[in-house]
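Visitor: Can you read through this structure? Questions will come right after.
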Amino acid sequence: MRRFGKSFFIFFILSLLIFVLASVLMIADAIKLELNTTLKTLPQITLQRFIAGKQSDVPLERVEALLDIEGITAITPRVWGYYYFKPAGVNFSIVGIDAYEEQYSKTLSNLTQHFDIKLLEKENGMIIGEGVKKILRENYYTDFFNFITSEGKWQRVHIAGVFHSDLALESNDLILLPKKLAYAIFGMDEHKATDIIVKVANVKEIATIVQKINERYPDMRAITQDDIRVSYQNIFDYKSGFFLALFSICAFAFFIIIYDKTSGLSSEEKREIGILKAIGWSSDDILKEKFYESFTLSLSAFLLGVTGSLFYVYALQAPLLRNLFMGYSALKPSFALPFSVDVSMLVLLFLLSVPIYIAATLIPAWRASTLDADEVMR
Amino acid sequence: MIVLHEVCKQFMQGDEEAHALKKISLEIKKGECVVLKGSSGSGKSTLLSLIAGLMQPSSGTISVDGKEISKLPESFSAQLRRKNIGFIFQKFHLIPHLSALENVIAPLIPENLSPNSLEEKAKAVMEQCGIAHKAKMRVNRLSGGEQQRVAIARALVNNPSIILADEPTANLDETLSMALITECETLKQQGVTQLIATHDPLFFELPFVDRIIEIKNGEMIL
Amino acid sequence: MHVRYTFFALLFVLGVTLMGQCIYFFSAHALSPEKIASKEAFSELVGLPDLALVNEAHYVRHRSLSGVFAYFNESPELLEYFPSTFVYRYAPYSHPSRIERVF
């Protein structure tokens, strides 16, 4: 009972649907995994200052004042921002850290590919991400880069190291500089910081401390680690945007296949069932055969779709599809996502495809096989 | 072997009831070769379908090998049909997109035999019917006569004890008809019960035919 | 019959390929403890959330630290950077009342 052309078409469409869905969900899961890996090392509280609803720099005097609040163990002002590199049309993220102290050098040598400590010691070295290095090289900067400060002056900074390719997803567009340089490049007031990070003694006290900070400085907004966790959980809103469009299209295509199956067998298929009954097949035999047919078709479509999507996402780095998740900037990292298989996602995909397809095939076959063979054959 | 007792069959044609068979009582012994004679629409095909269990009688009983088939559950009646009865249909009723070999194998599939033994059995019977050379060809590409032979092979593949044939020579030329008649004679010698519904005069003069029963307007003419 | 065996063979091959891929990718691409440690060290050093996947705009690159005005930074209307803003949702605590999508 194989109508090869039609069966192959259904097989192909089913595999394609599962392939696309599985690929997108795999990518989404991998991105979430990557995000959640570093969640607990992020600052416990990040404080931003808002003037007229816009983020503004925080005066450094507030650091002293905030230290008075009980429960706070450390406060670090941060300087970071973006530098627009016009020739390539990209934004670099610049983070200023305190002049490279001894405590940092071991960490930095672990995190970077080549690390020149002498350049760092001179205090005008920077550590850049792989994407930055690539863009600079394309613009003929190999060992150093000339920033244009807000005053219009050139600021030469040497490349002291490049972050490991393992860290590409986090560091691709990043430039780590001494704070002094950051201030000069941004043209920021040295008595201000971009934001402040706060460390607390007891994690359970974070909410209380945030409340105290808000009372002291109502123009400051606190982003806690928990807030970031919530932000990560909602990074893909499955109810809107791209995912809604994707699921709608897949559901629509699948619905059409199922409708085609359940809207009753064609007279030819009914006749076939009648003939089989006439030559001695019982209804059970017919249903068993139909079950094998639909089970092997849907299961192999499912396996092919999942196998294909695993290969597509992890071996090929999802060409075309990755553009959805990476945008069109010239500064893109390699799409080397961490491998993780969410079994519950696969089980859900399986349950939404295989049993439904089998039911859609068996129900009309069962209806036809309960009729008298003679009636059906006429 | 086959016992019919006051069998009636009615069909609904629109709002009216059409009587295809009216109180048919008949007994066919094991090994008998019986010819059912009658014009089209007389009820011969309906009678054969009832005996094969393809439909239920409106009233009366039908027994095959001592089992009342009208009362058998569906899986048992299918098994009976598969193991004991070979049916040659008037319109062949082959599955068009399958090959000749696959059509002949079809009745054997529920027996769960190995693929090799299925093929062996099918090929043996196809040789017998002279259609083995077209085994791999799709049946919708065969001529009428070739399809007829595939249908006959399919009916014989299970070594049935009863053969029911509905106009078996309708699409055969004289040579092939004679070949079929020889086959019927062989089956008669093997003790196979045969019930042949036909209006081909070739069958009315055959020496191995035990009885000729005439059916007119659903009634048996004795 | 042959068709059935062919399909079972296909299922078997696909199943084996799937297992093989899982094993290979797990060994080659999974997050090993060293990788996790280096990512954690990096994150502690830099302290900024979000991945560098999208570079189009501040509110996509550092979406967890963005507020309402970041979205309107460049112009009075909300600029869509398709497909990034289509795929990634803004942080729920940024109170974007104006751009709440209501169906």
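The values are calculated or read from the model by the stated rules, or taken from the named source; none is laboratory data. Since we're looking at a predicted model, the values are computed, not measured. Ideal geometry is used to build each Cβ from the backbone, glycine not excepted, and the neighbour counts take in all protein chains shown.
Visitor: I'm checking my understanding of the structure. Among residues of segment C:1-35 that are out of contact with any Leu (no Cβ under 9 Å at 6 or more places or on another chain) and either in contact (Cβ under 8 Å) with a residue 12 or more places away in the chain or not in a helix (DSSP H, G or I) (or both), which one is surrounded by the most Cβ atoms within 10 Å (Cβ to Cβ)?
Guide: Filtering first and then ranking leaves C:ALA30.
Visitor: If you check A:ALA222 against the conditions, is it free of Cβ contacts under 8 Å to residues at least 40 places away in the same chain, among the aliphatic types (A, V, I, L, M) and within 17 Å of A:PRO77 (Cα to Cα)? Lay out the reasoning, then the answer.
Guide: Working: free of Cβ contacts under 8 Å to residues at least 40 places away in the same chain: no; among the aliphatic types (A, V, I, L, M): yes; within 17 Å of A:PRO77 (Cα to Cα): yes.
Here the answer is no, as A:ALA222 does not meet what is asked.
Visitor: Still on this structure, I have one more. Mind telling me which of the residues B:SER117, B:SER40, B:SER75, B:SER59 ends up being closer than 22 Å to A:GLU269 by Cβ and exposed (fewer than 15 other Cβ atoms within 10 Å of the Cβ)? Don't jump to the end; show me each part of the working.
Guide: Details: B:SER117 fails: closer than 22 Å to A:GLU269 by Cβ; B:SER40 fails: closer than 22 Å to A:GLU269 by Cβ; B:SER59 fails: closer than 22 Å to A:GLU269 by Cβ.
Checking each option against the conditions leaves just B:SER75.
Visitor: Suppose we filter segment B:52-81 for residues that are outside any loop (DSSP other than H, G, I, E, B) and out of contact with any strand residue (DSSP E or B) (no Cβ under 6 Å at 6 or more places or on another chain); how many remain? Reasoning before the result, please.
Guide: The first filter runs over segment B:52-81 and keeps only residues outside any loop (DSSP other than H, G, I, E, B), leaving B:52, B:59-64, B:67-71, B:74-81.
When the remaining residues are screened for being out of contact with any strand residue (DSSP E or B) (no Cβ under 6 Å at 6 or more places or on another chain), the result is B:67, B:71, B:74-81.
The number of residues fulfilling the criteria is 10.
Visitor: Which of the residues that make up segment A:179-219 are among the basic types (Lys, Arg) and touching a residue at least 60 places away in the same chain (Cβ under 8 Å)? Working first, answer last.
Guide: Initially, segment A:179-219 is screened for residues among the basic types (Lys, Arg), giving A:179-180, A:192, A:199, A:204, A:212, A:216.
Result: A:LYS179, A:LYS180, A:LYS192, A:LYS199, A:LYS212, A:ARG216.
Visitor: Is it the case that C:TYR71 is surrounded by 15 or more Cβ atoms within 10 Å (Cβ to Cβ), at pLDDT below 90 and more than 7 Å from chain A (Cβ to nearest Cβ)?
Guide: Details: surrounded by 15 or more Cβ atoms within 10 Å (Cβ to Cβ): yes; at pLDDT below 90: yes; more than 7 Å from chain A (Cβ to nearest Cβ): yes.
When the stated conditions are applied, C:TYR71 passes them.
Visitor: Report, by residue number, each residue of segment A:150-187 that is in a loop (DSSP other than H, G, I, E, B), polar (S, T, N, Q) and surrounded by 15 or more Cβ atoms within 10 Å (Cβ to Cβ).
Guide: Filtering segment A:150-187 for residues in a loop (DSSP other than H, G, I, E, B) gives A:150-153, A:164, A:172-173, A:187.
Pick out the ones that are also polar (S, T, N, Q) and you get A:150, A:172.
Once the filter is applied, which keeps residues that are in a loop (DSSP other than H, G, I, E, B), polar (S, T, N, Q) and surrounded by 15 or more Cβ atoms within 10 Å (Cβ to Cβ), segment A:150-187 yields only A:ASN172.
Visitor: Residues in segment A:269-306 that are without any contact (Cβ under 8 Å) to a residue 12 or more places away in the chain and either more than 8 Å from chain B (Cβ to nearest Cβ) or closer than 30 Å to A:MET345 by Cα (or both): how many?
Guide: So the answer is 4.
Visitor: Please pick out the residue among B:GLU214, B:GLU183, B:GLU205, B:GLU174 that is surrounded by fewer than 19 Cβ atoms within 10 Å (Cβ to Cβ) and under 24 Å from B:GLY53 (Cα atoms).
Guide: Values: B:GLU183 fails: under 24 Å from B:GLY53 (Cα atoms); B:GLU205 fails: under 24 Å from B:GLY53 (Cα atoms); B:GLU174 fails: under 24 Å from B:GLY53 (Cα atoms).
Going through B:GLU214, B:GLU183, B:GLU205, B:GLU174 in turn, just one is surrounded by fewer than 19 Cβ atoms within 10 Å (Cβ to Cβ) and under 24 Å from B:GLY53 (Cα atoms): B:GLU214.
Visitor: Being in a loop (DSSP other than H, G, I, E, B), closer than 19 Å to A:PRO178 by Cβ and modelled with pLDDT of 90 or more is the filter here, so list the residues in segment A:97-140 that pass it. Don't jump to the end; show me each part of the working.
Guide: At the first step, the residues of segment A:97-140 found to be in a loop (DSSP other than H, G, I, E, B) are A:98-101, A:116, A:122-124, A:129, A:139-140.
From the residues that got through so far, the ones that are closer than 19 Å to A:PRO178 by Cβ too are A:98-101, A:116, A:122-124, A:129.
The one that is in a loop (DSSP other than H, G, I, E, B), closer than 19 Å to A:PRO178 by Cβ and modelled with pLDDT of 90 or more: A:GLY129.
Visitor: Now a separate question. In segment A:300-351, how many are under 16 Å from A:VAL20 (Cα atoms) and either of a type in the set (Phe, Trp, Tyr) or in contact with a Cys (Cβ under 6 Å, 6 or more places away or on another chain) (or both)?
Guide: Going through segment A:300-351 one residue at a time, the tally reaches 6.
Visitor: So, one more: Which of (1) more than 13 Å from the chain's Cα centre (by Cα); (2) touching a residue at least 60 places away in the same chain (Cβ under 8 Å) is the odd one out, the single condition B:GLY145 does not satisfy?
Guide: The failed condition is (2).
Visitor: Would you mind finding the one in B:GLU74, B:GLU32, B:GLU68 that is of a type in the set (D, E, K, R) and closer than 22 Å to B:GLU167 by Cβ? I'd like the intermediate steps shown before the answer.
Guide: On the way: B:GLU74 fails: closer than 22 Å to B:GLU167 by Cβ; B:GLU68 fails: closer than 22 Å to B:GLU167 by Cβ.
Exactly one of B:GLU74, B:GLU32, B:GLU68 is of a type in the set (D, E, K, R) and closer than 22 Å to B:GLU167 by Cβ, namely B:GLU32.
Visitor: Shifting gears a bit: Please specify each residue of segment B:179-207 satisfying the condition of being within 11 Å of B:CYS33 (Cα to Cα) and either in contact with a Cys (Cβ under 6 Å, 6 or more places away or on another chain) or in a helix (DSSP H, G or I) (or both).
Guide: Passing the criteria: B:CYS184, B:GLU185, B:LEU187, B:LYS188, B:GLN189, B:GLN194, B:PHE203.
Visitor: Tell me, which strands (runs of 3 or more DSSP E) wholly within segment A:24-96 include 1 or more residues that are of a type in the set (Lys, Arg) and loosely packed, with under 14 Cβ neighbours inside 10 Å? First the steps, then the outcome.
Guide: Numbers: elements: A:45-51, A:54-56, A:72-85.
So the answer is A:54-56.
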